[in-house]
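Written out below as structure tokens is the structure these notes cover.
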Amino acid sequence: MLARLLARSPSGGLSAGGLALTLVLAVAGGSAWLLTPGRFTQRTPGDDALGTPALGNFKAPHDFDVSDPDATRELRDAAAAAELPVFDWDEGAAEEAAGRIRDAFRFARDSLAGARRGPGDVRTSSRSQRSAFEARMGVRVSDADLLELADGHFAEVLEAELVVLAAHGLSGKVVLDRWRLATARERGMVARTIRGGAPQGERTIVELGPVRSLEDARADVERAAAALPASIPAPQRAALEHLAVALTRPTLVFDPAETALRQRNAADRVKPVVVHVKGGEKIVGDGEVIDKRHLLVFRGIRQQVRGRDVVLVRFGAGTLVAVLMLLLWLHSQRNVPGSRPTRKDAVLFAVAMLASAGVAAAGLAVGDALHDRFPNVSQEAFFYLVPFAVGAAVIRSVLSAEVALLFAVGSGGLVGLIAANSLFFGLHATLTSVMASGLIARTRDRAGLFKVGAAVGALGSLLALATQLFTGRGFDHALAPVLAAAVAGGVLLPVFTVGILPLVEWTFGYLTDLKLLELANLNHPALKDLIVQAPGTYHHSVIMGSLVEAAAEAIGANPLLARVCAYYHDLGKIRNPLYFSENQRTESRHEGLAPSMSALIVKRHVTDGVELARHWRLPRAVAAAIPQHHGTRLVSFFWARAKQRGYEDGGEASALDDEVFRYAGPKPQTRETALVMIADACEASARSLPEASTERLRDLVQKRINEIFSEGQLDECELTLKDLKAIAGSMVRALEAVYHVRPEYPARSAGSAPEPAVPQLQLLTGERRRP
């Protein structure tokens, strides 16, 4: 068995610290592999699989985000298209034109007034004056029109009429082409007010109102020119018309650069579309046609795998687990005095931790498969079916409560990491493990295990309900399967525990309470042989069981282990039962034997007991009570007889070899075997008391304990003086219950009424007679 290998400590083997470090690294390495993303990831279809049926069910191995460029582009295009077109609206175009006209005509009149030549010379005026006039007008003027205006001396009447004509062309909204207004009429526009050639503000115009094209505006100018007063010569009216048409321009001008800039800004404000994929989420089912979204998620999975250095990921996961394990180990070493783990304890702890992580990972995989078969049931419901508390229950069955609590914390953290970093599953595993380890310690039969499972299931369902409410899902349709799965997970706890415990007992050599209960059954074959072959020894062992059980409860030892040790401590007396006083009905078989021979025969029951314990495959902790309950004490009766005979023969008592009369040991190594030694001495002595009064029993128990203590038999166990005082008190009370003084029933007097006639049986002959 592994326990025997771990018990050996050859030179050059691992020290306690080395073993702990090795186990921590082993657990960290195994957990790192289980925590590595993509450990169960299927080979994802490539882009060429678009439009083909999926060859199997595909689920996300873990939570991740993937950008959707197509959706992002669509949203950005929509945002750009939603931007209104930007137009520059020159509301003061007519006023501006009027100002230019007045300035140009004033300049022309001043030029004519200062000229010394006649009007005919105006036709040959310098090119600079012509250019200055055109610059003030803002348009080119033909020679003919300029001559006609000069003939009219640029009169103020002509100036006023030109201002009116220009206002006809520039008033309102004038556009270059009507087709640019198609979008603006549907959704509106952004109109930037232009004054003096610079933007002065903007506003959104939804109702455009009347809008003219440039051709319509110029046509309006021509109609207005036709209505000019007849007092103005026709050539001059034509010149005014030509200038007014030239001055007419679009007052509402589309700004493509500003519109494009605003569209780009609107598109840039749209954040990239990110698809959030939850671990375990179904991507595509078997036979479903793969579309662009499926390929997008598959590309995201591949990018996640390529974008991560698996070595670094595993190193990080292993570091997390290693730190967790190291902290648990250091805490147990420094802050849990009652926890003194052996090598096999450390190995079991590590194996159980790895097994818990493996079960969690397997539970996720199985849950995925079941979710595919039953898509109406949430995936977490299948995960709640996993009995996470089994590890803590097994640990508590063989180790201390403190170690089980540390295991519950560590395994819960691992489960949370494996379950897609789920805090809720980690808490669920931790709390159910704590409850299971606390309740299973008081279990005394296998039926009690199912009560523990029911309690754990109730707690699990409560935690699942609290999680459901905390996450805001409320009482939805998925709640009932989750609660049922949590209860079922608790019910599965005793099933797995009962199946695993025997394997742990056999592999590691542990002794559980359930195994002890089997050994405490008085129908055990070894005890049945004992009652047949050595009934007195059997009775003595049963009484001792009551004594040690009471004493163990008084000092906090294991009462069940102590009682079982008492039942089997004299198992070797089956071989030669009549050589022991409790089984003798006639004269002693030691009469006529030398004391040394008698001592050898009596000591033989220890080696015979060890052989029978091996034959019946008794656990080591129980079999250890057979040699240890005598320790290295003397076979006192025959030692005293040998000394007496030595004196009678005139020899020296000191010449006797006490090793012949001394048990080989070892001394009691545990508190339970020490209790068996004390109870054996006290019960045997109590039988010889002529009157078992409380005072005599108290003196006897105190005397026997003092003898054992003074001989140093308790040096190698952990009993304290306080424990010995408690043991003495419990032993006296237990012996009083067994050897209490009974009242003497009075004999029937001569004058009393005759007894009624009843049939009397001759039990030995079977004859029946009547008085």
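The values are calculated or read from the model by the stated rules, or taken from the named source; none is laboratory data. Remember, it's a predicted structure, so these values are computed and weren't measured experimentally. Don't worry about glycine lacking a Cβ; one is built from the backbone with ideal geometry, like all the others, and counts go over all protein chains shown.
One table, with the values for the structure above:
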read-out: Qualifying position, being crowded, with 19+ Cβ neighbours inside 10 Å and free of Cβ contacts under 8 Å to residues at least 60 places away in the same chain, among S411, S378; value: S411
read-out: Unique match (being surrounded by 14 or more Cβ atoms within 10 Å (Cβ to Cβ), assigned by TED's automatic domain parsing to the domain that holds V564 and in contact with a strand residue (DSSP E or B) (Cβ under 6 Å, 6 or more places away or on another chain)) among R662, R645; value: R662
read-out: Residues that are part of a helix (DSSP H, G or I), in contact with a His (Cβ under 9 Å, 6 or more places away or on another chain) and not β-branched (V, I, T), drawn from the stretch 676-716; value: M677, A679, D680, E683, A684, R687
read-out: The stretch 511-531, residues that are of a type in the set (A, V, I, L, M, F, W, C) and closer than 16 Å to G609 by Cα; value: L519, A526, L527, L530, I531
read-out: Exclusive hit being within 30 Å of A355 (Cα to Cα) and part of a helix (DSSP H, G or I), set L547, L492, L511; value: L492
read-out: Some residue of the stretch 497-504 being more than 18 Å from the chain's Cα centre (by Cα), closer than 23 Å to G367 by Cβ, surrounded by fewer than 20 Cβ atoms within 10 Å (Cβ to Cβ) and not hydrophobic (A, V, I, L, M, F, W, C); value: yes
read-out: Which listed residue, of Q713, Q760, Q702, Q669, is at pLDDT 90 or above and farther than 23 Å from D570 by Cα; value: Q702
read-out: Selection from the stretch 216-243 of residues that are assigned to a helix (DSSP H, G or I) and surrounded by fewer than 13 Cβ atoms within 10 Å (Cβ to Cβ); value: R223, A226, A234
read-out: Test: residue in the stretch 608-626 that is surrounded by fewer than 16 Cβ atoms within 10 Å (Cβ to Cβ), under 30 Å from D657 (Cβ atoms), assigned by TED's automatic domain parsing to the domain that holds A674 and free of Cβ contacts under 8 Å to residues at least 60 places away in the same chain; value: yes
read-out: For T537: the one exception among (1) modelled with pLDDT of 85 or more; (2) part of a loop (DSSP other than H, G, I, E, B); (3) of a type in the set (V, I, T); value: (2)
read-out: Residues of the stretch 583-598 satisfying the condition of being closer than 24 Å to H539 by Cβ and either touching a strand residue (DSSP E or B) at 6+ places or on another chain (Cβ under 7 Å) or buried (at least 18 other Cβ atoms within 10 Å of the Cβ) (or both); value: N583, H590, S598
read-out: In the stretch 362-373, the residues that are at pLDDT 75 or above and surrounded by fewer than 20 Cβ atoms within 10 Å (Cβ to Cβ); value: A362, A365, V366, L370
read-out: Hey, G631 at pLDDT 85 or above, small (G, A, S) and assigned by TED's automatic domain parsing to the domain that holds Y538 or not; value: yes
read-out: Failed item, numbered, when L519 is tested on (1) touching a residue at least 24 places away in the same chain (Cβ under 8 Å); (2) under 27 Å from V409 (Cα atoms); value: (2)
